[in-house]
Structure formats: C-alpha cells, structure tokens
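The structure appears below as structure tokens.
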Amino acid sequence: DPSPGQEVDDQLASEPVLVDRDPVTDPAVTQLLVEEGRQILTGGFYDILYFCQGDDAWAGLPYGSDHIGGYGCGPTAMAMAVASMTETETDPAAMAQWAVKRGCWARGSGSYHSIVLRAAQDFGLVGEAVSPGTPEELCEQLLSGKLLVALMGPGHFTKRGHFILLRGVTLRGEVLVADPNSRDRSLTVWDPQLI
C-alpha cells in the first residue's frame, strides 16, 4: 500500500490500448545499434543505453515480491537514464534492487513516482518535476537537452500506468521515446500531442 505522500499507478506490463504506429524506418532519425553487446538507441540529445524489462536476462528476476518483466518499467527506465547520463554501470536488475532498498517499489503496482527524483539524487543527476502544459512546452523542454521521465496512462503505451523516457525531438517536431517495454515503440516517432 502506498505510504502517505507516495503516488503510484498500476504498472503491470501490458500491450497498449491503441495500436496504430509502425516503427520508423529511417536510421537518420533513430535506430537501435548493438555495440559490444549493448543496445544503443540513437537520435535525440543523448544516445540511450536501451534496456527492455521483458528481456530474459532480468524479466523473471524479483522486483520486491513482484518481477521485473511485469512491474519493472520504473527501474528499467531509470536504469536507462542513469546508465546513459552517468558513468554508473547499472541494469534493470541492479536498479530494481536499489529501488526496493530506497522505498520506491510499490507491491503489486510497480514503482512509486518518487523513483525518478530519488534515482536522480542518488546517482548524481539533476532532477526536477516538470509539467509541460502544451505540446510546444514539451518540445521546448526536450530541445533544451533534457531527458524526461514520463508516467503514461492508458493509450499508445499501456493499458495501465507505464514509465518511459522522452529522449528528444526530431526536425519535424516529433518526440523520440525509450519505452522499457517495447523496442518497436522506442523506434517510433510520436506526435507531442499524444505524449
């Protein structure tokens, strides 16, 4: 159960409610490269070390009394952010253990929203809560070089709640994401209005 002041949405991994997007086929916009056994999403301000919560290496590993494959979008998203923006070697399994120790795991629901700012603080990143009110404000945040962590509701990414990274904007004003539950959605560009 959430502690006072702790927000949580059910984040059980699911297919999205709306499925109408195809992966981008232009590698000049974004692509998933494999370098030294690591998956790298290109495009945006940062190349992102990509992790998928459903990968065999950690999907069945514990996230508290749950498992990463089902409820690990929070630690997987934060592992991508931390591994991409710091010198810290981490992955979804290590980040899940960290999240449990730091009180960010929500039994049977996923992660408390506090996982984002706590991870930023603990791993030497500057984190702040932002709430872009318009698609233009969202793009401005991304164009300023920020990597944003978003908690998505039912729609194009999930049937429940789901943490993703917003990692940049294309020249045409479309948003690039890193979805911890889908390589295909991570290789798709998104209208900022949908985000």
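The values are calculated or read from the model by the stated rules, or taken from the named source; none is laboratory data. On a predicted model such as this, the values are computed, not experimentally measured, just so you know. Cβ placement follows ideal geometry from the backbone for every residue including glycine, while neighbour counts extend to all protein chains displayed. These area figures cover heavy atoms from the full protein model, side chains too; ligands, DNA and RNA do not enter into them. Shrake-Rupley method; radii C 1.70, N 1.55, O 1.52, S 1.80 Å.
Points to keep in mind about this one:
- With the simple model of a label 7 Å out from the Cα in the direction of the Cβ, residue 137 to residue 33 spans 3.6 nm.
- Summed over the residues of the chain and divided among them, the accessible surface reaches 49 Å² per residue at a probe radius of 1.4 Å.
- Remark: the stretch 62-157 is approximated by an ellipsoid whose semi-axes, taken from the C-alpha gyration tensor as √(5λ), come to 23, 17, 11 Å, largest first.
- A simple charge model with +1 on the Cβ of Lys and Arg, -1 on the Cβ of Asp and Glu and nothing else charged puts the dipole of the chain at about 320 debye relative to its Cα centre.
- Estimated from the Cβ-Cβ distance and a Förster radius of 41 angstrom, the FRET efficiency linking residue 172 and residue 57 is about 0.75.
- Taking the C-alpha atoms of the stretch 139-195, convex hull volume expressed per residue in Å³: 71 Å³
- Compactness relative to 2.2 N^0.38 Å, alpha carbon Rg of the chain: 0.94
- Here the extension length gained between residue 47 and residue 117 equals 23.1 nm, from 0.36 nm per residue of separation less the Cα-Cα distance.
- Per the Cα gyration tensor, the stretch 23-112 maps to an equivalent ellipsoid with semi-axes of 25, 13, 11 Å, ordered largest to smallest.
- Of the solvent-accessible surface of the chain, computed with a 1.4 Å probe and all protein chains present, 49% belongs to carbon and sulfur.
- Summing charges over all other residues whose Cβ lies under 13 Å from the Cβ of residue 172, with Lys and Arg as +1 and Asp and Glu as -1, gives -3.
- Each peptide in 138-148, 65-75, 106-116 receives the mean, over its residues, of other Cβ atoms within 10 Å, and ordering these scores from highest gives 65-75, 106-116, 138-148.
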